[in-house]
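The values are calculated or read from the model by the stated rules, or taken from the named source; none is laboratory data. Bear in mind the structure is a predicted one, so any value in this text is a computation, not a measurement. Cβ placement follows ideal geometry from the backbone for every residue including glycine, while neighbour counts extend to all protein chains displayed. For the accessible areas, the whole protein counts, side chains as well, though only heavy atoms, and no ligand, DNA or RNA atoms are used. Shrake-Rupley method; radii C 1.70, N 1.55, O 1.52, S 1.80 Å.
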Amino acid sequence: MSDLFKDNWFVILIAVIIIAFVGYFVYDSNTGKVASKKADGKDVVASLADSNITADALFENFSQFDGALLYNLYRNAVVEQSVETTKEMEEQAKSMEKTIRSNVSSQNSSTYRDAITQELASYGYGSYDDLYDYALMTVKQRSLNQEYVDAHFEELKDSLKDAKPRIVSIIKMEAADPQNLTDEETKKRDSIDKAIESDSFAQAATAFSDDAATAAKDGLFGYVDSSSSASSTGLDQNLLTKALEMEKGETSDWIEVKNTQTGVISLYKIHVDETDLEKIHQNKDEDVKKSLLFSILNAKAGLEADILENAAKDLKIEFEDQDAKEKLDRYIEQLKGGNA
C-alpha cells in the first residue's frame, strides 16, 4: 500500500496527532478545575512506566507533523495551478484511483474506505471521495517534476554517477524442477541460448520468454541502480545483484528465482541493455522514465521541494497566518537537509 501512496503511510501518524490534540483539549478544558500532575514544573499529559510526557515535549515533538500537512496543502495548491490537466493525465489518474481502491480493499476488505480516508487526510484531502483528486495531483506533480529534471538534467545527473544506473531486460523460463529439466524444457533452454547467441537477447525474449509483460516489450524490464531493491522494483534480489555486477551488453547465466508467494522456482536470464546515463535519460519507455525520475528525486535531498518553490515563483501566494508560513518554511528547510 505504501508504494501506491508514494512510500508514505501516515495513518498512525494522523491518529497520534489527533490523540495529542484531544489530550490537550481535555487538559485545557479542565485547567483550574482539577489539579494536574507536574514534572519539573511542566504539565504531564501522560505517564509511561517510569517516564512522563509533558505537554511541552508532546507539542515540540509533533510540530513537525503539522509542517508535513501544511507542506502537502501547499504542494497541492502549487501543483494544481502550475500544471494544466490533459486527457492523458485524467486517464492515468483514473487508473491510479482504481488500482488504489482495489489494492487497499484487498488488504482491508471491511475498513478500506476508512483507511483511504485517513491516508488522504494526511495529504490535505477531506474525504474518501477525493481519491481521484489525489491521484490527479500525483500525476500532475510527476509531470512537473519530469519537466524540471529534463530541463536541469546536466546538473542533476551527477547525483547518480556512482549509482551504477542501467536498463535491464529479462527472459523467464518456467520449469517444474530446474535441477532436473525434462527433455522438452532442456530443448527450450537450449533454444533460448542459441537465439541469444545468433540473434539478440530482445529477439530471444520475444520468442521464448514466459514472462508475458516483458516479452511484449522485447524483454525490457526497466531501470535499476544501486539504490534499487527487490521491493521497490519487483525484480528478484539475486537478479538485481547480478545486473549491477555486469557491464553493458552482458548476459547472465541461468539464475534460479523462487517466487516468495507461491514457492515456485523459475529460471531467468538478465541482460544489461544500457549504462550510459544520457542515453537512459533519452529512453522513451514510460516505466524507465518514471524509475529514473524517482531515483533522481531520491538522490538529491529536497529536490522535490526545490521544484515546488521554483513553480511557486510564478504564482501569487499570500499567507494570512505568519506562523503557518514560518512553520512551512522550517519544514521545507528540513526536507532540504537543513537544521532550521
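Of note:
- Counting only protein heavy atoms and a probe of 1.4 Å, the accessible surface of region 216-262 is 42% carbon and sulfur.
- P(r) histogram, all alpha-carbon pairs of region 163-308 included - 5 Å bins from 0, percent: 2, 9, 18, 21, 20, 13, 8, 5, 2, 1, 1, 0
- Normalised Debye scattering of region 256-302 at q = 0.34 Å⁻¹ gives log10 I(q)/I(0) of -1.20, counting only Cα atoms as equal scatterers and leaving out solvent.
- Along its principal axes, region 110-203 has C-alpha extents of 61, 48, 22 angstrom, given from the largest down.
- Other residues within the sphere of radius under 13 Å centred on the Cβ of D236, judged by their own Cβ, net out at +2 (K and R +1, D and E -1).
- Rg/Rh for region 287-340 (Cα atoms only, Rh after Kirkwood) is 1.08.
- Spin-label pair N103/E154, simplified geometry with 7 Å Cα→Cβ offset, distance in nm: 3.7
- Unsatisfied cross-links (Cα-Cα over 30 Å) in the set K161/K187; K98/K290; K164/K327: K161/K187; K164/K327
- Here the simple spin-label model places points 7 Å from the Cα toward Cβ, and for D210 and K279 these points are separated by 3.2 nm.
- Just so you know, the Cα atoms of region 112-167 work out to an Rg and Dmax of 16.7, 44 Å.
- For D225, the shell of other residues with beta-carbons less than 9 Å away shows a net charge of +2, using +1 for Lys and Arg and -1 for Asp and Glu.
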